[in-house]
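Okay, so here's the structure we're looking at.
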């Protein structure tokens, strides 16, 4: 075994490109690759890693504007072992620091004291780390982030192991007799001192280190290093509705007319599998029996204010025009009798993308739902639909690594189409990985636990991910409304009716819904849902600005309270509250309670519904009605709310009322660009600033020549 400590190896260290030479050991290399970002590498790192597929350039200028940080440990304290089994990395961990991240975690939040195995999987397995979007990136309350750059299945021991030391006597310890099985096997004495990452099969490794000085700054560095956070088109922040899987062209038109006739906001309609001639696996060819005139249909829907989104997955049926092109560039196992494209091969990605570009995007399709790019449920022996880990691909990547990055590469392929056409999108995807911050893709899942859905919003902010807690069926009106509140207060508001004939708010019973039997109070519930969706539309300017800060500054638009308040121990384990932008705190409820306990961090906060003022640093019991929002506003905020629109076009202008919370008001901003292209990346945008001084609202624009998206109409003082 080759083992070394950087205490021995770091004979010379310079700011950039420092190297050390150690006899009979791998030569560690420490390189500064951006302001506050270093890479430690040793041995023979794998060819196929998450970062090897990241083509977005780091936003170095923005990274340089961040406050400089210092790690709470020396680089010399990081240990790496390379042996016949693989590679082990040991990173210092102090007694009082808390850990978060590892991708879109489901069922866990604070990862300190857990064994985490972030593996791609179509269903979570307890709190082990199996998830749609695994990542080997974690952040600490001590103000830094660590990313192990590997596509291999990796296990992290987050302060759970005590190592035998050769240079000291092990103290005798006893925990006494156990009173239960759970008590017997609980690791009651939390181990301290190391996070251990075990990477079987790796002959070397790269470790990315993102400095703080605080947790939020470390996240900003990670997102900016990944190319900056995604900025969806403005219309994508509206409402998306997916129709029943077997709907035809006429039935989709009826749904579209229902939304417009009843003045229910909707910007995107998603088509499910039957739009294709074959699905499972896919042909990517319009089913003429269901959609006899797809181009005319697409154009008609657009003129009514709807963008179309198409369901698919990446497994290519023999009936597809892509089959023969990709047959020599696919894995050696089939999925649903379809090819698995070798997305690690740029040519395979380009062939797949070029077909989609010419066949769909250039003809008016605005996005795709990219399904089943994760893996069969590893917690069941009967779940075998995906390709095996021992699969081989022409590029040389194996099945294990391909599983980990398949969704990431799928996004890369499809996103590239829209980038080339200078046409923004918000995709739906069922898998992702590290360095995906710049991809405008909302992750979704087939699990449906509402509590999990809420907690995944905060977890997504630790890893540069966008999460969409969609609404499907409901078991009660309470369930429907609580889920709708959560969807409205998330990155994407989505109703997925892929197995429902009618919208879920017209009939919550699945069988009755599909028989066309609506609830007696359907119109009343419809009206309540409309109120929530109108609030979503009023929030779009605020959300759009939050996403612009994601791109410009790296600030996650949706993030757990601990990101903003890392010194407040009371928030370390709060998974069901989260920040939206700079000034809003959301605390969703599930159907199980008409009230809930919330904790408000330091400062003063206002209940969005009642304007009641609360002192921070305390917990409260709150009640929220079905047509209200579990939302609190930070004192000093200028909150711009728009008159709701039913849908957004390039010509849309928002009529804004600014709510003023308190007397010592902070300046706020709104982001102005064309809302649809990538021209903002070339600096083609403006910033509208809002201030309130001596009883007067002041509006300033950095780009006076640009037609403003916003018309500031009113200033409303909230005391």
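The values are calculated or read from the model by the stated rules, or taken from the named source; none is laboratory data. Keep in mind the model is a prediction, meaning the values are calculated, not measured. Glycine gets a Cβ as well: all are built from the backbone with ideal geometry, and neighbour counts include every protein chain shown.
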Quiz item: Quick one: in the range 327-339, which of the residues that are free of Cβ contacts under 8 Å to residues at least 60 places away in the same chain, within 30 Å of the chain's Cα centre (by Cα) and within 28 Å of residue 49 (Cβ to Cβ) is surrounded by the most Cβ atoms within 10 Å (Cβ to Cβ)?
Solution: 339
Exercise. Out of 117, 142, report the one residue that is within 20 Å of residue 405 (Cβ to Cβ) and either touching a residue at least 40 places away in the same chain (Cβ under 8 Å) or surrounded by fewer than 22 Cβ atoms within 10 Å (Cβ to Cβ) (or both).
Key: 117
Practice problem: Name the one entry in 73, 16 that is modelled with pLDDT under 80 and touching a strand residue (DSSP E or B) at 6+ places or on another chain (Cβ under 7 Å). | Solution: 16
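Among the candidates 230, 236, which residue alone is assigned to a loop (DSSP other than H, G, I, E, B), at negative phi and under 21 Å from the mean Cα position of the chain (by Cα)?
230
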Quiz item: Tell me, which strands (runs of 3 or more DSSP E) wholly within the range 22-105 include 2 or more residues that are surrounded by 18 or more Cβ atoms within 10 Å (Cβ to Cβ) and either in the same structural domain as residue 467 (by TED's automatic domain parsing) or touching a residue at least 60 places away in the same chain (Cβ under 8 Å) (or both)?
Solution: 37-44, 79-82, 86-93, 99-103
Quiz item: Going by the conditions given, is residue 113 assigned by TED's automatic domain parsing to the domain that holds residue 54, under 23 Å from residue 574 (Cβ atoms) and not in a strand (DSSP E or B)?
Solution: yes
Self-check item: Listing of strands (runs of 3 or more DSSP E) fully contained in the range 639-697 that carry 3 or more residues being in contact with a helix residue (DSSP H, G or I) (Cβ under 8 Å, 6 or more places away or on another chain)
Solution: 668-672
Exercise. Report yes if residue 252 is closer than 30 Å to residue 273 by Cα and either modelled with pLDDT under 85 or not assigned by TED's automatic domain parsing to the domain that holds residue 677 (or both), otherwise no.
Key: yes
Self-check item: Only one of 660, 641, 645, 690 that is at pLDDT 95 or above, under 30 Å from residue 479 (Cβ atoms), surrounded by 15 or more Cβ atoms within 10 Å (Cβ to Cβ) and in contact with a strand residue (DSSP E or B) (Cβ under 6 Å, 6 or more places away or on another chain)
Solution: 641
Quiz prompt | Unmet criterion (only one of (1) within 19 Å of residue 368 (Cβ to Cβ); (2) within 28 Å of the chain's Cα centre (by Cα); (3) in contact (Cβ under 8 Å) with a residue 40 or more places away in the chain; (4) surrounded by fewer than 23 Cβ atoms within 10 Å (Cβ to Cβ)) for residue 315 | solution = (4)
Quiz prompt | Test: residue in the range 286-293 that is in a strand (DSSP E or B) and out of contact with any strand residue (DSSP E or B) (no Cβ under 6 Å at 6 or more places or on another chain) | solution = yes
Quiz item: Looking at 261, 244, which is the one that is modelled with pLDDT of 95 or more and either touching a helix residue (DSSP H, G or I) at 6+ places or on another chain (Cβ under 8 Å) or closer than 21 Å to residue 676 by Cα (or both)?
Solution: 244
Practice problem: Determine if the range 457-480 includes at least one residue that is at positive phi and either touching a residue at least 60 places away in the same chain (Cβ under 8 Å) or out of contact with any helix residue (DSSP H, G or I) (no Cβ under 9 Å at 6 or more places or on another chain) (or both). | Solution: yes
Quiz item: What tally of residues in the range 261-302 results from selecting those that are on the phi < 0 side of the Ramachandran plot and under 29 Å from the mean Cα position of the chain (by Cα)?
Solution: 20
Practice problem: Report, ordered by the first and then the second residue, all pairs with beta carbons closer than 6 Å, sequence separation of six or more or different chains, a first member in the range 613-625 that is within 15 Å of residue 570 (Cβ to Cβ), and a second member that is surrounded by fewer than 12 Cβ atoms within 10 Å (Cβ to Cβ). | Solution: 619/597
Practice problem: Select from the range 624-638 the residues that are in a loop (DSSP other than H, G, I, E, B) and buried (at least 19 other Cβ atoms within 10 Å of the Cβ) and list them in ascending order. | Solution: 624, 629, 630, 635, 637
Quiz prompt | Residues (closer than 24 Å to residue 226 by Cα and in contact with a strand residue (DSSP E or B) (Cβ under 9 Å, 6 or more places away or on another chain)) located in the range 372-407 | solution = 373, 374, 403, 404, 405, 406, 407
Quiz item: Mind checking whether some residue in the range 424-439 is surrounded by fewer than 22 Cβ atoms within 10 Å (Cβ to Cβ) and over 16 Å from the mean Cα position of the chain (by Cα)?
Solution: no
Quiz item: In this structure, is residue 502 surrounded by fewer than 21 Cβ atoms within 10 Å (Cβ to Cβ) and either without any contact (Cβ under 8 Å) to a residue 12 or more places away in the chain or in a helix (DSSP H, G or I) (or both)?
Solution: no
Quiz prompt | Exclusive hit being farther than 25 Å from residue 233 by Cα, modelled with pLDDT of 95 or more and assigned to a helix (DSSP H, G or I), set 412, 451, 419 | solution = 451
Quiz prompt | residue 377 vs. criteria surrounded by 23 or more Cβ atoms within 10 Å (Cβ to Cβ) and assigned to a loop (DSSP other than H, G, I, E, B) | solution = no
